[in-house]
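Encoded as structure tokens, the structure appears first; notes follow it.
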Amino acid sequence: MMLDLFPKEIRSFIIPKAGGELYYKCLGCLAEHSLDKLLYVCPECNEVLLIEDRNEKDLHKIPGATWQQIFDFRKMLKIPALKGIYRYHEFLGSCIPLESVIYLGEGHTPVVEANENLKKKVGLSFFYKNDGQNPSASFKDRGMASAISSIKYLIDQNLVSDVIAVCASTGDTSAAAALYASYLSPLIKSAVLLPHKKVTSQQLSQPLGSGAQVFEIPGVFDDCMKIVEHLADKYSVALLNSKNAWRILGQESYSYEIAQDFEWDMKNRVVIVPIGNAGNISAVMNGFIKFYKADIINCLPKIIGVQSEHADPVFQYYIEPDETRRKFIPVNTKPSVAQAAMIGNPVSMPRVIKITKEYNTFTNYQNVFFVQVTEQSIMDWQLTANKNGHIACTQGGECLAGLVKAIELDIITGQETAILDATAHSIKFSEFQDLYFKSAIPEDYKINPDPDKINLPSLIMPDNQDITPSQKKRLGQKDLQKFVKNISDKIARRLNLKVSL
Ligand SMILES: *Cc1c(COP(=O)(O)O)cnc(C)c1O
Ligand SMILES: [Zn+2]
């Protein structure tokens, strides 16, 4: 819709101008640093950073109901820079002018309600928000659109040039980083580090196709991360891991969209996310806090973070109820089908600790929970969801397993509705489905395939092997008729079909 058709009183708000006074805030020593250069940890104390806005209070001068209208009206615009995560420009990178925004179709992913069958099995009404329907097929595109737009902004101001972007990845960060960097080629080159044999072949093909330099490293993700941190420390590179605070900022859009998807009413809502490096859960909580402070949502939804028992450092940290006695200890991961979340030493742990505390303080009661699930339940619930119309990845399965666990533990009650993050598309992780269906999952995953869930193709051969078509040898008309009848009869018998009258 064209701007002059919008109501007069809202028109001046519809197209955002670059504004805000953003800066990096250190979570350790609380120092503030300028956004003018690429920065990932505090130069003074080496802690992680978050991006804050000195003018945040100005946003609160506009009534929440007006913000709601602004975002609803913005939905009708055809301006590419405002079609993705920057619909919420004022709340997530307001210093970036729209000319520097990179939009590849990220965000505004569908919210799909569970059907009656699945609701009955789970015992609660819930939705998946399918972040697998992003350009590189995972939620990582949200943070990457933000990080790459921020780099484009530095390039546009002549503050950086010849950028080499690097990241370590459990598969999806590298796919997103390579995709977004390739859009800015030749201004940006990208290199990704992957743990050898610990990403799926689909995930490996993505950065290769985008033209990134791909390095495979022995070990697990945590080892790759150490190398990338060393590179970022010693050399001039742009780090695209979620250590980069711009990534967190972009991923806050997930919460803004949930708020808008549910008409700004967060009462009795529960948002469930899987935890790996803990960037996403930090962003999701932060996003809801910002909208709550601006009076755009009426309350803070309950948050549940889920971890597999094979990679559960955050869950372990929160087992101790006494906050003063909690101590973070990295864990040694074991093989997990939720491979994108298979991280023993999450980079964003300090962010989770800070933001969880803040989140609970707002409500005055515990509103953030962490649950642990088995590998078996992750796989079983993923397959069950997908047999009921969803496209959840294994981490999406982990969310559903987490929902079931939370119901068991009475963390969730019957009046509540859950929104689950299907963080990637199922096809990225189809190798695990394949292994399950072929009963070939290696023993250390601790998964026994349930025969009722296995699904394999059946090859139907004709009785007479001589009448078999092939690409080279086509059948004559008579033989083809025989072949068609013979095979059709076999399929009809298998399906128990009745002859139509
Ligand atoms: C990265 C990723 C996660 C974990 O998110 P964090 O921000 O690392 O906690 C979960 N699922 C998928 C599909 C991912 O790519
Ligand atoms: Zn510091």
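Going through the stretch 41-60 one residue at a time, which ones are within 12 Å of ligand 2 (Cβ to nearest atom) and either surrounded by 20 or more Cβ atoms within 10 Å (Cβ to Cβ) or under 26 Å from Ile297 (Cβ atoms) (or both)?
Val41, Cys42, Val48, Leu49, Leu50
Filter the stretch 408-453 for residues that are assigned to a helix (DSSP H, G or I), within 25 Å of Asn115 (Cβ to Cβ) and touching an Asp or Glu at 6+ places or on another chain (Cβ under 8 Å); which is farthest from ligand 1 (Cβ to nearest atom)?
Looking at the filtered set, the residue picked out is Lys453.
What are the residues in the stretch 322-375 that are among the hydroxyl-bearing types (Ser, Thr, Tyr) and either surrounded by 14 or more Cβ atoms within 10 Å (Cβ to Cβ) or under 23 Å from the mean Cα position of the chain (by Cα) (or both), if any?
Thr333, Ser336, Ser348, Thr356, Tyr359, Thr374
Select from the stretch 40-60 the residues that are part of a loop (DSSP other than H, G, I, E, B) and in contact with a helix residue (DSSP H, G or I) (Cβ under 8 Å, 6 or more places away or on another chain) and write down the one among them that is farthest from ligand 1 (Cβ to nearest atom).
The qualifying residue farthest from ligand 1 (Cβ to nearest atom) is His60.
Among Lys189, Lys234, which is at pLDDT below 95 and basic (Lys, Arg)?
Lys234
Among the residues of the stretch 2-10, is any β-branched (Val, Ile, Thr), more than 16 Å from ligand 1 (Cβ to nearest atom) and not in a helix (DSSP H, G or I)? I'd like the intermediate steps shown before the answer.
Kept after step one, since they are β-branched (Val, Ile, Thr), are these residues of the stretch 2-10: 10.
From what is left, the residues that are more than 16 Å from ligand 1 (Cβ to nearest atom) are 10.
Subsequent filtering for residues that are not in a helix (DSSP H, G or I) retains none.
No, the stretch 2-10 contains no residue that is β-branched (Val, Ile, Thr), more than 16 Å from ligand 1 (Cβ to nearest atom) and not in a helix (DSSP H, G or I).
Exactly one condition in (1) among the acidic types (Asp, Glu); (2) farther than 30 Å from Leu231 by Cβ; (3) modelled with pLDDT under 95 is not met by Asp72; state its number.
Of the numbered conditions (1) among the acidic types (Asp, Glu); (2) farther than 30 Å from Leu231 by Cβ; (3) modelled with pLDDT under 95, the odd one out for Asp72 is (3).
Have a look at Lys78, Lys121 and point out the one that is out of contact with any Leu (no Cβ under 6 Å at 6 or more places or on another chain) and either on the phi > 0 side of the Ramachandran plot or not in a helix (DSSP H, G or I) (or both).
The conditions single out Lys78.
Please verify whether the stretch 32-39 includes one or more residues that are crowded, with 17+ Cβ neighbours inside 10 Å, closer than 30 Å to Glu229 by Cα, in contact (Cβ under 8 Å) with a residue 24 or more places away in the chain and within 16 Å of ligand 1 (Cβ to nearest atom).
No, because not a single residue in the stretch 32-39 is crowded, with 17+ Cβ neighbours inside 10 Å, closer than 30 Å to Glu229 by Cα, in contact (Cβ under 8 Å) with a residue 24 or more places away in the chain and within 16 Å of ligand 1 (Cβ to nearest atom).
Working only within the stretch 273-315, note down all residues that are outside any helix (DSSP H, G or I), in contact with a Cys (Cβ under 9 Å, 6 or more places away or on another chain) and more than 12 Å from ligand 1 (Cβ to nearest atom).
Within the stretch 273-315, just Ile304 meets the criteria.
Pull out all pairs, ordered by first then second residue, where Cβ-Cβ is under 7 Å, the residues are six or more apart or on different chains, the first lies in the stretch 351-366 and is part of a helix (DSSP H, G or I), and the second is small (Gly, Ala, Ser).
Close Cβ pairs satisfying both conditions: Arg351/Ala278; Arg351/Ser282; Val352/Ala278; Val352/Ser282; Ile355/Ser282.
From the set of residues in the stretch 385-400 that are hydrophobic (A, V, I, L, M, F, W, C) and over 13 Å from the mean Cα position of the chain (by Cα), which is nearest to Glu375 (Cα to Cα)? Break it down into steps so the answer makes sense when it comes.
First, the residues of the stretch 385-400 that are hydrophobic (A, V, I, L, M, F, W, C): 385, 391-393, 399-400.
Then drop every residue that is not over 13 Å from the mean Cα position of the chain (by Cα), which leaves 385, 391, 400.
Details: Ala385: 16, Ile391: 19, Leu400: 12 Å.
Checked the stretch 385-400; the qualifying residue nearest to Glu375 (Cα to Cα) is Leu400.
Taking the criterion of being within 17 Å of the chain's Cα centre (by Cα) and either exposed (fewer than 12 other Cβ atoms within 10 Å of the Cβ) or of a type in the set (A, V, I, L, M) (or both), would at least one residue in the stretch 427-442 satisfy it?
Yes, the stretch 427-442 contains at least one residue that is within 17 Å of the chain's Cα centre (by Cα) and either exposed (fewer than 12 other Cβ atoms within 10 Å of the Cβ) or of a type in the set (A, V, I, L, M) (or both).
Just to check your reading of the model, which residue among Asp223, Asp265, Asp233, Asp261 is without any contact (Cβ under 8 Å) to a residue 40 or more places away in the chain, in the same structural domain as Lys428 (by TED's automatic domain parsing) and surrounded by fewer than 21 Cβ atoms within 10 Å (Cβ to Cβ)?
One residue alone meets the criteria, Asp265.
Taking the condition among the charged types (D, E, K, R), at pLDDT 95 or above, under 17 Å from Phe291 (Cα atoms) and assigned by TED's automatic domain parsing to the domain that holds Leu154, does Glu52 pass? Don't jump to the end; show me each part of the working.
Working: among the charged types (D, E, K, R): yes; at pLDDT 95 or above: yes; under 17 Å from Phe291 (Cα atoms): yes; assigned by TED's automatic domain parsing to the domain that holds Leu154: yes.
So Glu52 fits the description; yes.
With respect to Asn388, determine if the residue is within 23 Å of Ser138 (Cα to Cα) and surrounded by fewer than 18 Cβ atoms within 10 Å (Cβ to Cβ).
So Asn388 fits the description; yes.
The values are calculated or read from the model by the stated rules, or taken from the named source; none is laboratory data. Just so it is clear, the model here is predicted, and its values are computed rather than measured. All Cβ positions, even for glycine, are placed from backbone atoms using ideal geometry, and neighbour counts span all protein chains on display.
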